[in-house]
Amino acid sequence: MVVAVVTTATFILIHLAPGDPMGGGLDDPRISEAVRTHWRAAYGLDQPLPVQFLRYLTNAARGEFGYSFAYNESVRSLLARALPRTLLLAGTALVLSFAAGIAIALVQVARHGTATDRALGVASLAVYSLPDFWLAQVALLTFAYLVPLFPAGGMVDPVMHPYMGNMAALWDRVRHLVLPALTLATLTAAGIARFQRAALLDVAADDYLRTARAKGVPERSVLMRHALRNAALPVITLFGLALPGFLGGTVFIEKVFSWPGMGSLAVDAVAARDYPVVIACAVVGSMMVAGGSFIADVLYVVADPRLRRAGGGGRP
Amino acid sequence: MRQIIVTSTGRLTLVAAALCSLACRPDDRSGGRPGDTGGKTPGGTVVISMGADAEPLIPPYAAQVQTKLIVDQLFDRLAELGDSLNTVGDHGFVPRVAQRWDWSRDSLSITFYLDPRARWHDGVPVRSNDVRFTYRIYSDTAAGIDATTQIAQIDSVTSPDSLTAVFWFKRRYPEQFFDATYQMLILPEHLLGAIKLADLRTSAFGRHPVGDGRFRFSSWSPGASLTMIADTGNYRGRAMLDRIVMAFSPTPGAAITKLFTGDADFIEILHPEEMAEVRRHPELVMLPYADPTYGFLWFNLRQGGKRPHPLFGNRPLRRALAMALDRVSMARNVFDTLAIVPRGPFPSSSPVADTTASSLPYDTVAAARILDSLGWHRGADGVRRKNGQPLAFAISVPPSSKSRTQMAVLVQDQLARIGVRVTIDPVELRTLVTRLQKGDFDAALWAWKTDASMSDLRQMWTTPAERLGTNWGSYENPVFDAAVDSALTSNDPARMHAYFHRAYTTITDDAPAVWLYQPRQVAGIQRRIHTAYLRADSWWAHLADWYVPASERIPRDRIGLVDAAP
Amino acid sequence: MTSPLTSPNLTPAPRVSGAPGRITGAGELAIVGWLEAGPWRAIWRRFQRNRGAMAGLVVIIAIAAVSIAAPLVAPYSPNAILDMVALKSQPPSLAHPFGTDPASRDVLSRVLFGGRVSLALAVLAMLTAATVGTMYGAVAGYVGGTADDVLMRVTDACLSIPRILLLLTVCALWGRPSLSALVLVLGLTSWFGVSRLVRAEIMAMRTREWVVAARALGATDARVLLRHMLPNIASPVIVATALGIGNVVLLEAGLSYLGVGVQPPLASWGNIMQDGADQVRGLWWLSVFPGLAIVTAVIAINAVGDGLREAADPRQ
């Protein structure tokens, strides 16, 4: 459903926009009409709009998004290359940020009202309010330039990597991953901590916990056993909700750290007016989010016994 | 001949260098002779940091510096322009695919004799049918290739035998030889011949090119890096370097950082602020070189190429605007001491530069007086008006160019001081080109990288170039056209210079543009790299002769000739 | 976008079909609580007791005041070229506390005027978003049924497109946006969350006795919606809008960093940083001062937003 809406919307967007939907290559007025016609025919742009739309839909469903003139490559192979890179970076950062975010929230709630709680609250508010690219630039400047602990960008050493042994090559990858993943995780963790703290406090105010406390269950145990389990639901919700913004953050992190993934691809495609790539990035990004919220819904049902009893299924 | 190579993993590998290189003939002046490397051991890696990825590696379509740099290593011309940059006759030209050449008695044809040892990197020999094929591709007006208009004076190319190619010209002129050699990199017909012209730009060849130059293509990880490796059996001798790696960064800032962290060896342009930083790094040196580019504020004399522009159709008005600009201070602001103000539409390194040409003076009082006399009077808001119309226009500028954007800001401020309201219109480069071609602009900040030729002037400013060339501002003056034509067909140097002087004087007086700067570039480079001469029109011309002394090599210099695993 | 999460506490949980009633996130509980709590005076009293939020309010008022008064406060005109040669790229000094940029413009003046652009842009964009989101959500919630289902599915789809990718797509297709176009584009991509919030409120209200009574007395649907229901959801919409402003400030900075935001020479906080982005080491003052302005303003806005929400939910 989501994918259908996005695909339709992008199709309408391209055809509303000024200029040739092929983008880039055909803008050049020196290209003769014969060549133009050849290309149009090759990509079905000479067909009536409804036919084009059907073609576009079926192609998109098969993962075909046309041809990129800026890269001189099919968009599909561009995506096939960029997507795993983004998944590596985003996956690492996602795990780190959820772990850190929840941990921070737990500490805050355990010390609710103390100076630690307030300090962590202010810190996560501050990080939450930072422009992504700014933090990334500061991280790059500090840890790659002033104190050169990590490489200044890229996924691997451009020269030496292909000649390294297995262990050295793996270490090379890890070294390149550390800074961007940590930066992205920091930015995301701040938001997660803020959300999770509120959710935990919400639960903490509930009656059954008060009962547990009244029965003399130790506070730590109250928090870990009862509150956290109930607060797991908001975390799953958050997972679904955080993804769009998270992917947005990835765009900036990739740009600053020269990480050649989907984000860099999208930004460069915008600069080069490479429409097919821009559209494909938007569609794939949305699909990732849709996939994420689907997983979130399934987890939700699994995690919440009330829903299981009601026989509810995940939202498609 | 054997070499011991230590790979980064510490293993010793024996690599046999191709023996055939010993048989090569020593007649190439600029290239290192095989078996004679002046006592230097070949080897080393140069990492060139670039702010953007390369385009497809199809020579006729290469437009950006990083792409030209690569295809110039992979492919050879028939003959190469000499370091003197002479473009008249064949003086100074160095043999490449053509071993030697003859002029016909009437000078209407040139016969090139190909080097029988020249081979494509797949082993197939380079033959005259490749030359004929190359001309066919470059001269096809349907393909949208830049060079097509520049080789329009070549009538045809024939190949009487497999090692002879004859260029036939429509007429005699001084730069015949230049046109036949400089504009075209020879392409392999056996790999490209079956591809339809319309599909050439998108063919798989552009990702895995096979050339005949001293470097061969090795691998390309789009958006990240591209590697070229020395072709050991090359007919012109093995390159001194083992490997050239192009490291692509998404932003200029990231590209320069790689130089400071040691991840890259060379960056082609340093900005004044970065030079101060280079000075703090003892392992880096700065390398100035000439750049035959001039930047200018371009007035559009005809809207849509038809009606005269309401403002810039007026010659005195254009002159007044030119006189209101403090060009020297502007160049100082943007380029520090690294730019000069050109006297006209030619770089100072041009063979036909004219040091006696006079440009319009910087004189705001005179400029204001001209505007007053034209009936443009200052209103209450300080903006000049005539019949209620404000004196206002937009300057289009590509935001990807920091220096031009900054120039636009300076122009805006300077013209505001004499009562002209300027708006800045940032337009993405490719869109801007389309708009300029359609004549859909008021004024633009543009930069033109001249080739080494004299006819470059024709390409940019003469009347026929409105249709075929890049005279998108529609400047027309028959006196100028005639002077340029006479100069380009004149075989007497003194008369030629006199004609050029007349042309320059005419055009600077007409002020179809304000020529603002000609940058002198400074490259940043790791000290261990020893460069060859950086030729003004293409600093990478002698890249194959760059050298890393054995004692200064670092691990990446010692990888050897092995290709990277895919 | 730029923050990995978009005002988490105010975005409702995904709807799960087949669930008994709606799963509500912490945010919605807060807002429902707020509605029940009622009068503004109580909220204000609680808000006043929150020192962080009060500090944020003071800072926001100060920044807004300085920005509005920029022509009086700024030492120079923001686009004045002071001395092309002698005053270019000067580090901070007494005469130019924030230094000068490469065109010799005074950075302090540019930051002051840039604040006007950045903040006005954010406020106008969020006003647009709040208006569109409220109307859309109100219609969906009031009409209900299939129409509601369709409308909300569309919102789901839009929510799942990473916003930065959507903005990049629009900018790629239509070229560089003018300031008003930017307001519109930012506004029209920020309303999805608000619309879901409003829909939930309206739905909950539909069966209240005073609504039923109004309808029984012959009030038209439009009148019920406009006169009776909308005034009651003003406060959660205001909180959502306040928190959204912080996000749009970050978004503008990010877009300008990628070169598709506010176009030079007009100063905004984002594009002053963009002017120095390629030379962060050499011209640090171009990144640091506008960066601090952004961070301060966004922290303050978010602190006020947090404060408002907490004040509205007395349980925390």
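The values are calculated or read from the model by the stated rules, or taken from the named source; none is laboratory data. Just so we're clear, the structure is a prediction, and the values are computed from it rather than from any experiment. When we count neighbours, we look across all protein chains shown, and the Cβ atoms used for this are built from the backbone with ideal geometry, even at glycine. Surface accessibility is based on the protein's heavy atoms, side chains included, excluding ligands, DNA and RNA. Shrake-Rupley method; radii C 1.70, N 1.55, O 1.52, S 1.80 Å.
Of note:
- Verdict on residue A:113 being surrounded by fewer than 16 Cβ atoms within 10 Å (Cβ to Cβ) and not in a helix (DSSP H, G or I): yes
- Search result, residues across the range A:132-155 that are on the phi < 0 side of the Ramachandran plot, facing chain B (nearest Cβ under 8 Å) and within 25 Å of the chain's Cα centre (by Cα): A:140, A:144, A:151, A:152, A:155
- Count - residues of the range B:167-192 that are open to solvent by less than 10 Å² (accessible area, probe 1.4 Å) and in a strand (DSSP E or B): 1
For (1) open to solvent by less than 10 Å² (accessible area, probe 1.4 Å); (2) under 17 Å from residue C:160 (Cβ atoms), each residue gets a yes or a no:
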position: A:235; (1), (2): no, no
position: A:248; (1), (2): yes, yes
position: A:269; (1), (2): yes, no
position: A:274; (1), (2): yes, no
position: A:277; (1), (2): yes, no
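- Residue B:495 being at pLDDT 90 or above and not hydrophobic (A, V, I, L, M, F, W, C): yes
- Top-ranked residue in the range B:93-145 [being open to solvent by less than 40 Å² (accessible area, probe 1.4 Å) and charged (D, E, K, R); ranked as nearest to the other protein chains (Cβ to nearest Cβ)]: B:130
- Evaluation of residue C:147 against (1) within 14 Å of chain A (Cβ to nearest Cβ); (2) at pLDDT 80 or above; (3) more than 23 Å from residue C:244 (Cβ to Cβ) (one fails), failing number: (1)
- Filter result for the condition that a residue is surrounded by fewer than 22 Cβ atoms within 10 Å (Cβ to Cβ) and within 14 Å of chain B (Cβ to nearest Cβ), over C:266, C:286, C:292: C:266
- Qualifying residue in the range B:505-523 (condition: part of a loop (DSSP other than H, G, I, E, B) and among the aromatic types (Phe, Trp, Tyr)): no
- Restricting the range B:436-475 to residues that are within 14 Å of chain A (Cβ to nearest Cβ), open to solvent by 20 Å² or more (accessible area, probe 1.4 Å) and closer than 15 Å to residue B:313 by Cα, the residue that is nearest to the chain's Cα centre (by Cα): B:472
- Subset of the range B:294-324 (residues that are surrounded by fewer than 20 Cβ atoms within 10 Å (Cβ to Cβ) and within 20 Å of residue B:470 (Cα to Cα)): B:302, B:303, B:304, B:305, B:306, B:307, B:308, B:313
- Residue satisfying condition, being of a type outside the set (A, V, I, L, M, F, W, C), in contact with a Gly (Cβ under 6 Å, 6 or more places away or on another chain) and not in a strand (DSSP E or B), within set B:459, B:437: B:459
- Qualifying residue in the range A:106-124 (condition: within 10 Å of chain C (Cβ to nearest Cβ) and without any contact (Cβ under 8 Å) to a residue 40 or more places away in the chain): yes
- Residue in the range B:390-405 that is crowded, with 20+ Cβ neighbours inside 10 Å, at the interface with chain C (Cβ under 8 Å from one of its Cβ atoms) and farther than 17 Å from residue B:513 by Cβ present: yes
- When residue B:249 is tested against the conditions (1) at the interface with another protein chain (Cβ under 7 Å from one of its Cβ atoms); (2) open to solvent by 10 Å² or more (accessible area, probe 1.4 Å), the lone failure is (2).
- Some residue of the range B:266-289 being away from every other protein chain (no Cβ under 14 Å), under 27 Å from the mean Cα position of the chain (by Cα), open to solvent by 20 Å² or more (accessible area, probe 1.4 Å) and within 21 Å of residue B:400 (Cβ to Cβ): yes
- Within the range B:426-450, the set of residues being closer than 26 Å to residue B:183 by Cα, in contact with a strand residue (DSSP E or B) (Cβ under 9 Å, 6 or more places away or on another chain) and β-branched (Val, Ile, Thr) comprises B:450 only.
- Residue within the range B:476-487 that is open to solvent by less than 30 Å² (accessible area, probe 1.4 Å), free of Cβ contacts under 8 Å to residues at least 12 places away in the same chain and out of contact with any strand residue (DSSP E or B) (no Cβ under 9 Å at 6 or more places or on another chain) present: no
- Test for residue A:96: is it in a helix (DSSP H, G or I), open to solvent by 30 Å² or more (accessible area, probe 1.4 Å) and at pLDDT below 90: no
- Within the range B:325-341, considering residues that are in contact with a Lys or Arg (Cβ under 9 Å, 6 or more places away or on another chain) and in contact (Cβ under 8 Å) with a residue 40 or more places away in the chain, the one least open to solvent (accessible area, probe 1.4 Å): B:333
- Qualifying residue in the range B:321-331 (condition: at pLDDT 90 or above and among the β-branched types (Val, Ile, Thr)): yes
- Selection status of residue B:226, under 30 Å from residue B:128 (Cβ atoms), modelled with pLDDT of 90 or more, under 23 Å from the mean Cα position of the chain (by Cα) and surrounded by 23 or more Cβ atoms within 10 Å (Cβ to Cβ): no
- Of all residue pairs spaced 6 or more apart or on separate chains, those with beta-carbon atoms under 9 Å, a first member in the range B:455-469 that is modelled with pLDDT of 85 or more and a second member that is among the charged types (D, E, K, R) and not in a helix (DSSP H, G or I) are B:462/B:476; B:463/B:476.
- Annotation: residue C:267 fulfils all but one of (1) assigned to a helix (DSSP H, G or I); (2) touching a residue at least 24 places away in the same chain (Cβ under 8 Å); the unmet one is (1).
- Selection within the range C:92-127: residues that are more than 30 Å from residue C:301 (Cβ to Cβ) and not polar (S, T, N, Q). The member of this set that is most open to solvent (accessible area, probe 1.4 Å) is C:94.
- If the condition is being within 8 Å of another protein chain (Cβ to nearest Cβ), more than 13 Å from residue A:133 (Cα to Cα) and assigned to a loop (DSSP other than H, G, I, E, B), then the range A:245-269 contributes only A:260.
- Total residues in the range C:279-295, condition over 28 Å from the mean Cα position of the chain (by Cα) and part of a helix (DSSP H, G or I): 1
- Residues in the range B:182-217 that are at pLDDT below 95 and charged (D, E, K, R): B:196, B:199, B:201, B:207.
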